[in-house]
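Shown next, in structure tokens, is the structure this report addresses.
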Amino acid sequence: QVQLVESGGGLVQAGGSLRLSCTASGLIFSSYTMGWFRQAPGKEREFVRAINWIGGITFSADSVKGRFTISRDNAKNTVYLQMNSLKPEDTAVYYCGATVARDGLLFPRTYAYWGQGTQVTVSS
């Protein structure tokens, strides 16, 4: 049984920081590319960042480039999203996903497994 569990969300003021974690079980973690997406009310799920299975290649949405950093610790089956300089427009539910695909990483349909999400709210 595959499970992805996000944690670390919360309420933060603009300019602040949060670190999200996603811990996986039931899969060979080091074989999967891991992605972070977010979804605000009334909007489609949006790609944020992704990292390949060994952590040497990352991908980023333009909206978070220079502010958000993705990393992974395969020994802990965990992927992280370090979010700095947060803005109100970053407010959303943040989801992690897992995929064995090597293409289409910007699209939610590429990811076979998802967590339940963690809420991030940034106040102005």
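The values are calculated or read from the model by the stated rules, or taken from the named source; none is laboratory data. Just so we're clear, the structure is a prediction, and the values are computed from it rather than from any experiment. When we count neighbours, we look across all protein chains shown, and the Cβ atoms used for this are built from the backbone with ideal geometry, even at glycine. Protein only, heavy atoms only, side chains kept; ligands, DNA and RNA dropped before computing areas. Shrake-Rupley method; radii C 1.70, N 1.55, O 1.52, S 1.80 Å.
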>> Treating only the Cβ of Lys, Arg, Asp and Glu as charged (+1, +1, -1, -1), what charge dipole size does the range 51-92 show about its Cα centre? Round to the nearest 20 debye.
In response: 100
> THR91's amide H: which non-local residues (gap 5+, or another chain) put their own amide H closer than 5 Å, with H modeled 1.01 Å from N in plane and none for Pro or chain starts?
Replying inline: VAL122
>> With a 1.4 Å probe and all protein chains left in place, how much of the accessible area of the chain comes from carbon and sulfur atoms, in whole percent?
In response: 48
> Magnitude of the Cβ-charge dipole of the chain, K/R +1 and D/E -1, about the Cα centre, nearest 20 debye?
Replying inline: 100
> Using a 1.4 Å probe, what is the accessible area per residue for the chain, in Å²?
Replying inline: 52
>> So if I restrict to the alpha-carbon atoms in the range 60-109, what is the Rg, and what is Dmax, the biggest pairwise distance, in Å?
In response: 12.4, 34
> Which one of PRO41, PRO88, PRO108 has the biggest mean-square fluctuation once the chain is modelled by GNM with Cα springs under 10 Å?
Replying inline: PRO41
